[in-house]
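The values are calculated or read from the model by the stated rules, or taken from the named source; none is laboratory data. Quick caveat: nothing in here was measured; it's all calculated off a predicted structure. Note that we place each Cβ from the backbone using ideal geometry, even for glycine, and neighbour counts take in every protein chain shown.
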């Protein structure tokens, strides 16, 4: 080990040639990556969830308080009262570095993934700028954990008093120097422990890698919020969609609690053929999101209940009911997990045939004949009772969950609007597989999205690359996985559902779901409108229909104004256009119902929401 160039009151700073790299990182990029790592220490350690910013002297990073206030609706009902101890903590005396001026102080709290194993750690971060040498510019980023000694240090943090990144740029040279320095608790030998040595190498390499990654940047204030644009025009890039509705720390804290409480039991009782951990952790993540979303939307005692479309193994419904939320789930096939979790009183084997298809069904597939055949059918409207469901099961305002609901995904906003035309039901849809409204598999193109409010593009074809270049194909695949390709199947499906929702009058927001899946965009419908109705507050923004009415009023003066189309009118117009590719609404209804009949007879495979097995049978998967 060599003595470091850093000079503070503690004279024991160390470094080594292997902890230094020549790079082409600009000053601006160095500061961007520094901000990124301040908020996301998980990029350096998989043992960490995140960092909660408790204080930033320059207000460049939002504190947990500021993030909660940014996500508040109305007066802030639903945002939990959480102590942010950073407000009460005074400034620590920052170390004085010779030849550098202190520019900024940040206090953050490192949050571990497993709080039962590791404890959170408060850490001061100081940023200095070099001064006094006109030939060299640069910065020092100093990390000082708040511990009394080495024994208090959590496993995920290197066992040192302080760490520092030193960035230097000599004006006469094209390259810069980036190095890592440490201040040990006690005098050390020439060699460091192997684990600490590898950690320092990793810290340096990660910083350089992030500096080269143009997609890895910290979002500036206001970058996520652009209320003047419709959801169909928003970018689907993760940096834009992260934490747009709920702060990360609130959802992750609830997820950690749910994981500790339910994960081991659910995995130990897993009877499906699929791998348990992914399904359990994904459903717990979604449960954490909707629980915090409902706390935000509904005052205590006012939650109207939920319905889980295509509930599959029933884990999500199980956790929500265990957490005290009233609701039900349904799927075309009974799963073995339902009995294991003792959920059969809350889950139904049922086919959803949307009411418009029941209205337009051909005579040989009428509702009477379907019921005679033994099919259990729900019309998708949650405004009353239909075919054997208990009276009063679904209250007005029922919250719809459509998690990877396949064929029902594009129908979700339509059913929300038809169920309550005056105030469409709130919903969360997480698209997965792409289907047309007829239930047939269909890949949407950008033309389909643009034509949602105009004409249908029945015979539109999607451009395919003429080249088979493997590198280009890999780049395109990565771009699609990161939701940066607006022409990808998933991007087009997501935007199509948003376009349909907006067309029938739903208030739509997009957010990135923190779930272990690449199909991770959440479409949240009618959150602000529901909050305004339930709480009696005027939510931020206003429904699109109000804006249209005001514009008409200002432009038409005394001219006769046509009545605003009803929700039923909007859905009818939409179905006429969208079902044209299937031969019209009647043929689309036939396709939907016949698929259900085939599945009921045991034909077909996979997760499908269109059919039912006899109640005595169980399905695994």
Could you tell me whether any residue of the stretch 602-614 is crowded, with 20+ Cβ neighbours inside 10 Å, under 30 Å from residue 254 (Cβ atoms) and at pLDDT below 50?
-> yes
Specify the residue that is nearest to the chain's Cα centre (by Cα); the eligible residues are those in the stretch 163-209 that are free of Cβ contacts under 8 Å to residues at least 60 places away in the same chain and surrounded by 17 or more Cβ atoms within 10 Å (Cβ to Cβ).
-> 199
Matching residues in the stretch 42-63 - criterion: being over 15 Å from residue 120 (Cβ atoms) and either in contact (Cβ under 8 Å) with a residue 40 or more places away in the chain or surrounded by fewer than 17 Cβ atoms within 10 Å (Cβ to Cβ) (or both) | 43, 44, 46, 55, 56, 57, 58, 59, 60, 61, 62
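A quick yes/no check of all residues on (1) free of Cβ contacts under 8 Å to residues at least 24 places away in the same chain; (2) surrounded by 19 or more Cβ atoms within 10 Å (Cβ to Cβ); (3) in a loop (DSSP other than H, G, I, E, B):
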{"residue": "307", "(1), (2), (3)": "no, yes, no"}
{"residue": "310", "(1), (2), (3)": "no, yes, yes"}
{"residue": "313", "(1), (2), (3)": "no, yes, yes"}
{"residue": "316", "(1), (2), (3)": "no, yes, no"}
{"residue": "321", "(1), (2), (3)": "no, yes, no"}
{"residue": "328", "(1), (2), (3)": "no, yes, no"}
{"residue": "333", "(1), (2), (3)": "no, yes, yes"}
{"residue": "342", "(1), (2), (3)": "yes, no, yes"}
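Okay, residues lined up against (1) modelled with pLDDT under 90; (2) at positive phi; (3) under 22 Å from the mean Cα position of the chain (by Cα):
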{"site": "57", "(1), (2), (3)": "no, no, no"}
{"site": "60", "(1), (2), (3)": "no, no, no"}
{"site": "80", "(1), (2), (3)": "yes, no, yes"}
{"site": "83", "(1), (2), (3)": "yes, no, no"}
{"site": "112", "(1), (2), (3)": "no, no, yes"}
{"site": "129", "(1), (2), (3)": "no, no, no"}
{"site": "142", "(1), (2), (3)": "no, no, no"}
Can you spot a residue in the stretch 24-37 that is in the same structural domain as residue 157 (by the TED database), surrounded by 14 or more Cβ atoms within 10 Å (Cβ to Cβ) and at pLDDT below 90?
-> yes
Taking the options 505, 522, name whichever one is crowded, with 22+ Cβ neighbours inside 10 Å, under 18 Å from the mean Cα position of the chain (by Cα) and either part of a strand (DSSP E or B) or modelled with pLDDT of 90 or more (or both).
-> 522
Subset of the stretch 192-209 (residues that are touching a helix residue (DSSP H, G or I) at 6+ places or on another chain (Cβ under 8 Å) and farther than 20 Å from residue 155 by Cα) = 207
For residue 474, work out the one condition from (1) modelled with pLDDT of 60 or more; (2) buried (at least 17 other Cβ atoms within 10 Å of the Cβ) it doesn't fulfil.
-> (2)
Check every one of the helices (runs of 4 or more DSSP H) wholly within the stretch 175-270 and list those with 1 or more residues that are at pLDDT below 95 and outside the structural domain of residue 495 (by the TED database).
-> 194-212
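Okay, residues lined up against (1) touching a strand residue (DSSP E or B) at 6+ places or on another chain (Cβ under 8 Å); (2) under 21 Å from residue 339 (Cβ atoms):
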| residue | (1), (2) |
| --- | --- |
| 246 | yes, no |
| 254 | no, no |
| 259 | no, no |
| 262 | no, yes |
| 279 | no, yes |
| 282 | no, no |
| 285 | no, no |
| 288 | no, no |
